[in-house]
Amino acid sequence: MMKKLSFIMAFMIALGMLPFHSKACTNYIVTKGASIDGSVMITYAADSHELYGELYHWPAAQHPEGSMLDVVEWDSGRFLGKIKQAPVTYNVVGNMNEYQVAIGETTFGGRPELVDTTGIIDYGSLIYITLQRARSAREAIQIIAQITEEYGYRSSGESFSIADKDEVWIMELVGKGSMLKTDRKTKTQYNAHKGILWVAVRIPDGYVSGHANQARIQTFPLADGKHSITSKELDQIYNRDVEVVYSHDVISFARNKGWFIGDDSEFSFSDTYAPVDFGGARFCDIRVWTMFNKVTQGMDKYWDYVKGHIRHDENFEDGRPNPNKYATNRMPLWVKPEKKISAHDMMMFMRDYLQGTELDMTQDFGAQPFNLPYRWRPLTWKVDGISYVNERATVTQQTGFSFVTQSRSWLPDEIGGIIWWGVDDANAGAYMPLYSSMTVNPHHIEEGNGALMEWSETSLFWITNMVSNLSYTRYNRIQPDVEKVRDELETTFLKLVPAIDAAATVLHKDNPNSAISFLTDFSNDQVNRTFATYKSLYQELFMKYMDGNVKTRQQGTKVPKVEFAGYSQEFLQKIVEDTGDKLKVID
């Protein structure tokens, strides 16, 4: 979701030619061999000024033959049409199902003329319909390709992270635009370009990857019938040797449009369908860079690129000519981490605000007097006709919800899938362990308990926002108190999960349904615990920091100790520079 849009798309939006969805997301990917415990993990942040933080849940179900499913656009809530319902659908908790399949996304936009306004499958519906039908990542890819081919794809370009308990893929896709023709017999119009242009690549085991609103798949191995296949051989995707799959026309379509010349082996999906621009590097790929930079050496060579200095050399580094003028200094799709990565590491990756770099947002005047690592939108602004940016870091204030999923092959499916789910700013909220087999949605995060313009006293989203927005007023003083409580909760959860796994495994041997019931109760209890903790936290923070003071309790008296914390010396110095002698005390 925020949709990183090219400058061309931004211009068209300004003219009212395209719908604008102000969302942005970040996905980090860890393969089985790169994780500490052997789990496959992906992250996702649903970053939107328009999105409410609630947990979606679809119970497993059976459907009569001939049943139809209403498709409602995730972003807008608009009814788009009906599709055939599957005979059997699976339990889905958030973005993970009972078979440990998890899907995250980031929108890269791409060429605006490829949006199919006749399609009835939007990207959000595509994710959640697929999760209700897929038992593996490979099956998910097949379903995505088939369902869009049959019903059309309505959204702009997307990158999907698709994980199961054994492997994880990146699938990037765009529509084909609208070419309306009239059926001679029925006299009805249809789109001759229905479907998607796409590439799916399996991330090699032992490596990590990521995407953040910029298409990332560049060149890829062409079909050889063994390791790489096209959509014409899609039934072969279950062959474990296959690690690349792509639509049969992904190259020829671009060639016919005049967007690509040269040998097929030189074709780059990202550079052709979503060419990287300043925003694609500075606002998007920089978020992937921060994760890569934490896990491996050598990322310094890409620092200029992620700051927006994009090169288009005549030749690539290996000497090959560059006739399509692709960017030549982009990052690799995956890197090998120097140490194994834990679920807690993934949570902390989601809390990055470029700290430790020259772009650390707590270190310039925009941080205000209390080192706030956020900037209020818009993302770009002008002074004296010159354009400037607010950094777009991984963690951001407008997050609706975010998560870390763990798919664990050594456990039964009913126990193996965990979605660590949290609401609001990831630096403020706690990630809670929710088992993907749970059958009851916790009240404090369930869909319909409040909305973005509807207050609910029992909503975790609202109580967490009360905490985070209070911390924004004096971040370097209040945030440490928030992080202490947040970290204590997550530490407790991380310690509890192995014991819960063991207890559920014992129950599962006799009756899998008993294990599911046990895990449902546990998941609900942790949400209840988090809500109660954050409600108390807000009350304590408000009393302690009310009126710009810092108050602490004193034994033996109801009168607290009061400190007048004031401002930093650096900020006071800037006030003097701005006001001169206006505030000076006269002798």
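The values are calculated or read from the model by the stated rules, or taken from the named source; none is laboratory data. This one's a predicted model, so the numbers in the text were calculated from it and none came from an experiment. For neighbour counting, all protein chains shown are included, and Cβ atoms are generated from backbone atoms with ideal geometry for every residue, glycine included.
Here are the numbers for the structure shown:
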| item | result |
| --- | --- |
| Counted residues, the stretch 122-140 - those being over 13 Å from HIS57 (Cα atoms) and in a loop (DSSP other than H, G, I, E, B) | 5 |
| Residue, surrounded by the fewest Cβ atoms within 10 Å (Cβ to Cβ), within the stretch 137-146, restricted to residues that are under 20 Å from the mean Cα position of the chain (by Cα) and not β-branched (Val, Ile, Thr) | ALA140 |
| Number of the exception - ILE386 against (1) in contact (Cβ under 8 Å) with a residue 24 or more places away in the chain; (2) surrounded by fewer than 23 Cβ atoms within 10 Å (Cβ to Cβ) | (1) |
| Spans of helices (runs of 4 or more DSSP H) in the stretch 442-560 with at least 3 residues farther than 21 Å from ASN97 by Cα, outside the structural domain of PRO369 (by TED's automatic domain parsing) and without any contact (Cβ under 8 Å) to a residue 24 or more places away in the chain | 475-510, 512-545 |
| Top-ranked residue of the stretch 279-306 - restricted to ones that are assigned to a loop (DSSP other than H, G, I, E, B) and on the phi < 0 side of the Ramachandran plot, ranked as surrounded by the most Cβ atoms within 10 Å (Cβ to Cβ) | THR296 |
| The one condition in (1) assigned to a loop (DSSP other than H, G, I, E, B); (2) farther than 17 Å from ASN469 by Cα; (3) assigned by TED's automatic domain parsing to the domain that holds GLY308; (4) touching a residue at least 24 places away in the same chain (Cβ under 8 Å) that LEU372 fails to fulfil | (2) |
| Residue within the stretch 338-356 that is aromatic (Phe, Trp, Tyr) and closer than 16 Å to THR219 by Cα present | no |
| Qualifying positions in the stretch 389-422 - touching a strand residue (DSSP E or B) at 6+ places or on another chain (Cβ under 6 Å) and either of a type in the set (Ser, Thr, Tyr) or assigned to a loop (DSSP other than H, G, I, E, B) (or both) | THR396, GLN398, THR399, SER402, THR405, SER407, GLY417 |
| Selection status of GLU314, out of contact with any strand residue (DSSP E or B) (no Cβ under 6 Å at 6 or more places or on another chain), touching a residue at least 24 places away in the same chain (Cβ under 8 Å) and surrounded by fewer than 13 Cβ atoms within 10 Å (Cβ to Cβ) | no |
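For (1) farther than 24 Å from PHE283 by Cβ; (2) assigned to a loop (DSSP other than H, G, I, E, B), each residue gets a yes or a no:
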{"site": "TYR28", "(1), (2)": "no, no"}
{"site": "ALA45", "(1), (2)": "no, no"}
{"site": "GLY53", "(1), (2)": "no, yes"}
{"site": "GLU65", "(1), (2)": "yes, yes"}
{"site": "VAL71", "(1), (2)": "yes, no"}
{"site": "ASP75", "(1), (2)": "no, yes"}
